[in-house]
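The values are calculated or read from the model by the stated rules, or taken from the named source; none is laboratory data. Quick caveat: nothing in here was measured; it's all calculated off a predicted structure. For the accessible areas, the whole protein counts, side chains as well, though only heavy atoms, and no ligand, DNA or RNA atoms are used. Shrake-Rupley method; radii C 1.70, N 1.55, O 1.52, S 1.80 Å.
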Amino acid sequence: MTIERIIRIMAGSFILLSLVLGIEGSPIFVSQWFLAFTAFVGFNLLQSGFTGFCPPELLLAKMGVKRSNGSCGS
């Protein structure tokens with residue numbers, strides 16, 4: 001699995017989890033403040049798209065996870 005794929009999985013999981021924990025109609029609702037985490041993840045995805053800087057990418061690279069070859073779905 002590549003760094004890019006892991007980051008997409010992490011971001012999607014964080015967003016879905018924070019929505020489930022932050023929306024009142026959810027069976028595992030905790031607090032609406034979890035929606036702030038959703039916004040934080042979204043903001044980081046947006047800034048990463050513009051700047052190319054992504055902190056989890058640096059951590060995963062140090063852990064030895066390989067980068068993709070540039071093709072979609074690699």
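In degrees from 0 to 90, rounded to the nearest 10, what is the angle of the helix 34-51 Cα long axis to the longest principal axis of the chain?
Value to nearest ten degrees: 20.
Using just the helices of the chain, give the 222 nm mean residue ellipticity in deg cm²/dmol: DSSP H runs with n ≥ 4 each add -39,500 (n - 2.57), and the total is spread over all residues, rounded to 500.
Values: 3 runs with 46 residues, N = 74.
After summing the helix terms and dividing by the residues of the chain, the value is -20500 deg cm²/dmol.
At 1.4 Å probe size, put Val30, Val41, Val65, Val20 in order of accessible surface, largest to smallest.
Order by accessible area, largest first: Val30, Val20, Val65, Val41.
Mind putting together the pair-distance distribution for the chain? All Cα pairs, 10 Å bins, whole percent per bin, short to long.
19, 41, 26, 13, 0
In the Gaussian network model of the chain, springs joining C-alpha atoms below 10 Å, which of Phe29, Phe50, Phe40 carries the largest mean-square fluctuation?
Between Phe29, Phe50, Phe40, it is Phe50 that shows the largest mean-square fluctuation.
Between helix 3-22 and the chain, what is the angle of the helix's C-alpha long axis to the longest principal axis, kept within 0 to 90° and rounded to the nearest 10?
Taking the Cα atoms of the chain, the angle to 3-22 is about 0 degrees.
Which whole-number percentage describes the relative contact order of the chain, with Cα contacts under 8 Å and a sequence gap of 6 or more?
Relative contact order of the chain: 40 percent.
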